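Below is one structure, written out as structure tokens, with a few remarks after it.
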Amino acid sequence: MATPLTAARLVAALKAEGCTVHEVAGWRTNNRNHKGPWGPVHGVVVHHTVTGPGTDVVGLIFHGHSALPGPLATGCITKDGVVHLTGNGRANHAGGGDGDVLDAVIGESYGTYPPPTHEHDGSAGSVDGNARFYGWECENKGDGRDPWPPAQYLAMVKATAAVCRAHGWGSKSAIGHLEWSDWKVDPRGFDMAGFRRDVADALALPAGRWEGEDPMPQYVNLGAAEPYDLAPGAWDSVEFTAEWTDETGDHATGGSVFARGPARFGGTLSLHIDGLPAGAVVQARMTEYEDDEQRVDHPIHEIVGTGGGTFVVVPVTKRVASGRSMRVRLLNQGAVPVTVVSAVLTVLVWKET
């Protein structure tokens with residue numbers, strides 16, 4: 001049992017834990033305290049927003065919508081890892097849940113997972129979660145495929161650890177919405193047991209010291225779905241019209257971008273070119289863009305024709321800065337068109353925070 005943190009203490013705790021904090025105008029007086037109690041508090045509930053690109057997700061969590069007025073959480077954690085504070089007090093996020101889960105959270109007495117929930121908002125035995133939990137709404141489509149960028153996941157762990165540390169709680173005071181209400185599935189795309197282990201690791205260190213484990217790279221495997229002609233005399237971006245795997249989510253369908261910064265990557269582009277005369281040259285290079293504006297050309301790799309089918313593996317290893325994207329371009333230096341029979345890109349991408 002704990003008295004809720006003041007706005008000033010919450011901000012201080014988040015910053016001490018290493019979070020990038022954005023205080024949305026008016027958040028300190030934005031709450032639902034006039035509709036029910038706020039406190040005593042016992043833990044943190046993690047949610048996903050079920051929103052995609054183009055949504056003013058921070059505004060949505062601050063204001064709510066016609067069916068559910070805001071704030072919809074204490075804060076909204078966006079994909080760039082910023083913690084946007086949207087509510088100070090009671091918020092419409094947890095709803096009704098299972099009292100057995102609440103007891104297990106209060107006592108931090110469960111094993112890997114809390115006991116199964118059998119209640120939801122409005123069910124006969126439910127208890128009011130909005131009075132008892134802070135809430136983080138985390139930007140994600142919620143389809144189980146939308147990736148959780150490392151910067152965002154780190155911020156989610158740090159923000160949760162900040163609240164737990166400020167109250168003297170352990171990691172088992174953090175639960176997912178699906179562990180509170182049997183109507184809910186969020187957050188999808190990671191396991192809450194692993195999330196709690198990361199919160200525990202953060203709490204085991206002084207505030208602000210935890211930066212996660214060395215990230216596993218994300219796998220990207222793209223290609224050209226059909227052969228195409230490469231005319232002579234002009235640089236042309238390889239359009240990756242086949243997307244087999246895109247764990248980063250950086251490739252737009254049918255587009256030429258395969259990585260967006262800040263990130264490091266390493267891999268290969270395997271090319272099969274027909275019609276390139278013996279000794280004739282096709283050049284390949286990586287090029288950085290900001291939006292659709294070309295910014296930096298990287299060194300050229302020359303592909304020399306063999307007279308029949310020409311097969312080559314081009315290395316693609318580089319770092320791309322924040323706000324920029326990377327493409328591969330080809331230049332046919334011959335006098336006649338050649339056919340790019342296949343282009344297969346395979347890279348591992350390490351996203352930077």
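Please work out which residue is farthest from ASP143 (Cα to Cα), limiting yourself to region 30-55 and to residues that are of a type in the set (Val, Ile, Thr) and in contact with a strand residue (DSSP E or B) (Cβ under 6 Å, 6 or more places away or on another chain). Give the derivation first.
To start, the set of residues in region 30-55 that are of a type in the set (Val, Ile, Thr) comprises 41, 44-46, 49-51, 55.
Among the residues that remain, those that are also in contact with a strand residue (DSSP E or B) (Cβ under 6 Å, 6 or more places away or on another chain) are: 41, 44-46, 49.
Numbers: VAL41: 30, VAL44: 22, VAL45: 19, VAL46: 16, THR49: 11 Å.
By that ranking, first place goes to VAL41.
Count of region 155-189 residues, restricted to those that are closer than 15 Å to TYR113 by Cα and either of a type outside the set (Val, Ile, Thr) or surrounded by fewer than 24 Cβ atoms within 10 Å (Cβ to Cβ) (or both), is 15.
Being β-branched (Val, Ile, Thr), at pLDDT 95 or above and assigned to a strand (DSSP E or B) narrows it down to one of VAL44, VAL11, so name that one.
VAL44
Within region 319-347, the set of residues being among the basic types (Lys, Arg) and either without any contact (Cβ under 8 Å) to a residue 12 or more places away in the chain or surrounded by fewer than 17 Cβ atoms within 10 Å (Cβ to Cβ) (or both) comprises just one member, ARG319. Residues that are acidic (Asp, Glu) and not in a loop (DSSP other than H, G, I, E, B) were ranked within region 275-304; the one that is surrounded by the fewest Cβ atoms within 10 Å (Cβ to Cβ) is GLU293. Within region 229-243, residues that are among the aromatic types (Phe, Trp, Tyr) sit with their Cβ atoms under 7 Å from residues that are in a loop (DSSP other than H, G, I, E, B), at 6+ positions apart or across chains, in these pairs: PHE240/ALA224; PHE240/HIS251; PHE240/GLY255; PHE240/SER256; PHE240/PHE258.
Which one is farthest from GLY95 (Cα to Cα) among residues in region 52-84 that are in contact with a helix residue (DSSP H, G or I) (Cβ under 9 Å, 6 or more places away or on another chain) and part of a strand (DSSP E or B)? If we take residues in region 52-84 being in contact with a helix residue (DSSP H, G or I) (Cβ under 9 Å, 6 or more places away or on another chain) and part of a strand (DSSP E or B), then VAL82 is farthest from GLY95 (Cα to Cα). Scanning region 17-41 for residues that are of a type in the set (Asp, Glu) and in a loop (DSSP other than H, G, I, E, B) yields one hit, GLU17.
Residues checked against (1) under 29 Å from GLY59 (Cα atoms); (2) of a type in the set (D, E, K, R):
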{"position": "VAL157", "(1), (2)": "yes, no"}
{"position": "ALA161", "(1), (2)": "yes, no"}
{"position": "ALA166", "(1), (2)": "yes, no"}
{"position": "LYS172", "(1), (2)": "no, yes"}
{"position": "ILE175", "(1), (2)": "yes, no"}
{"position": "PHE195", "(1), (2)": "yes, no"}
{"position": "GLY233", "(1), (2)": "no, no"}
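In region 24-50, the residue that is nearest to GLY97 (Cα to Cα) out of those that are in contact with a Leu (Cβ under 7 Å, 6 or more places away or on another chain) and not aromatic (Phe, Trp, Tyr) is HIS42.
Every test in (1) surrounded by fewer than 18 Cβ atoms within 10 Å (Cβ to Cβ); (2) in contact with an Asp or Glu (Cβ under 8 Å, 6 or more places away or on another chain); (3) of a type in the set (D, E, K, R) is passed by GLU119 save one, and that test is (1). For region 300-315, the criterion of being over 37 Å from the mean Cα position of the chain (by Cα), in the same structural domain as GLY334 (by TED's automatic domain parsing) and touching a residue at least 60 places away in the same chain (Cβ under 8 Å) is met by none of the residues. Remark: pairs (first residue in region 148-170, in the same structural domain as THR74 (by TED's automatic domain parsing); second residue basic (Lys, Arg); Cβ separation under 7 Å; 6+ apart in sequence or on different chains) = PRO149/LYS79; PRO149/LYS351; PRO150/LYS351; GLN152/LYS79; ALA166/ARG9. For region 169-177, indicate whether the set of residues that are farther than 17 Å from ILE106 by Cβ and out of contact with any strand residue (DSSP E or B) (no Cβ under 8 Å at 6 or more places or on another chain) is non-empty. Within region 169-177, none of the residues are farther than 17 Å from ILE106 by Cβ and out of contact with any strand residue (DSSP E or B) (no Cβ under 8 Å at 6 or more places or on another chain). Search region 305-324 for residues being assigned to a strand (DSSP E or B) and farther than 16 Å from LEU269 by Cβ, and hand back the single one that is modelled with the lowest pLDDT. Only one residue tops the list, namely SER322.
The values are calculated or read from the model by the stated rules, or taken from the named source; none is laboratory data. This is a predicted model, so every value here is computed, not measured. Please note: Cβ atoms are built from the backbone with ideal geometry, for glycine as well, and neighbour counts cover all protein chains shown.
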